[in-house]
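What follows is a short report on a single structure.
Taken together, the values in this text are just the output of simple stated rules run on the coordinates, not laboratory data. From a predicted model like this one, the values you see are computed outputs, not experimental measurements. In this analysis, Cβ positions are derived from the backbone assuming ideal geometry, glycine residues included, and neighbour counts consider all displayed protein chains.
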Amino acid sequence: KAEELDLRNEYKIDIETKQLPMLSREAFNYGVERYQASDYTGALSSFELFVKIAPTEPSGMQNAAMSAESAGDFMKAVLYYRQMIDKKYATDKTYESVARSLIQLKDTAGALTALKDGRFIYPDSVGLLVAEINLFLSSGRGKEALSALDQMVIKDPGNVSCYQQIGIIHMSLAHPTDAEGNSLPLPSDHQVHLAQAEEAYSKGLAIDPSHFEINFNLGVLYFNEG
């Protein structure tokens, strides 16, 4: 408002070099205080003021995005996370956060695109790969999840959970059901999926022989076939 009223630019230097920087620090510190007090809406308001004053400062966008996400304002969370990406301030975690907020907005396709974009830039990010796998699983895209899990096994061959999940997906493909959970006719590759499930479970047990869920699932596989 002071800038607006300063028609002759008499106070321009003072406003830009002293008053606005002082205000930005106050806004940032108050945002941190509000966030720590779990007042995420108040924190968002303060960090948005900081971003308005210092639009090129990464910490402002990051904190505004985190506050928006914690406040349940996922549209603004996506807005600020994408600003970080556009301004080249993003990390692989930023892409995970964009996807997480888009999932809350029921935009599965957008979330998947964000994860794929992130993985293109950060091909070695395990976090992005795990997020993509979970998204495939939650949306019933088992075969795509299998492809991502195979990549995960290459990156982390000792991850027992991967083998467990691979086995579960192959079992579900071997014994398909409809939306109500009723059994559908067995597919022509029924035995192939069972063999792959057994192989995945066996690899998991080779790492952790006492793993309860894998032992149980392998028992279910044999019992059902029997």
> For the range 162-211 and the range 9-79, what is the separation of their Cα centres, given in Å?
Replying inline: 49 Å
>> Using a 7 Å offset from the Cα along the Cα-to-Cβ direction at both Glu10 and Glu144, what is the distance between the two label points in nm, to one decimal?
In response: 6.3 nm
> Shape of the range 123-226 from its Cα gyration tensor (a ≥ b ≥ c, root eigenvalues): rounded if a/c is under 1.5, otherwise prolate when a/b > b/c, or oblate?
Replying inline: oblate
> Hey, what angle do you get for helix 126-138 against the long axis of the chain, alpha-carbon based, 0 to 90 degrees rounded to 10?
Replying inline: 60 degrees
> In nm, to one decimal, how far is the Thr41 label point from the Glu213 one, both placed 7 Å along Cα→Cβ?
Replying inline: 3.8 nm
> What does the charge count near Val32 come to, summing +1 for each Lys or Arg and -1 for each Asp or Glu among other residues with Cβ under 15 Å from its Cβ?
Replying inline: -3
> Which of the lysines could a cross-linker bridge to Lys203, judged by Cα under 16 Å and excluding same-chain residues fewer than eight apart?
Replying inline: Lys155
>> If the reach is capped at under 23 angstrom between alpha carbons, list the lysines near Lys12, excluding any in the same chain fewer than eight residues apart.
In response: Lys1, Lys52
> Relative to the first principal axis of the alpha-carbon coordinates of the chain, what is the inclination of helix 212-225, with its axis defined by its Cα atoms, in degrees from 0 to 90 and to the nearest 10?
Replying inline: 40 degrees
> Given +1 on the Cβ of Lys and Arg, -1 on the Cβ of Asp and Glu, and no further charges, what dipole in debye does the chain carry about its Cα centre, rounded to the nearest 20?
Replying inline: 480 debye
> Hey, what's the per residue convex hull volume over the C-alpha atoms of the chain, in cubic angstrom?
Replying inline: 164 Å³
> Mind checking the angle between helix 142-155 and the chain's longest principal axis? C-alpha axes, 0 to 90 degrees, to the nearest 10.
Replying inline: 80 degrees
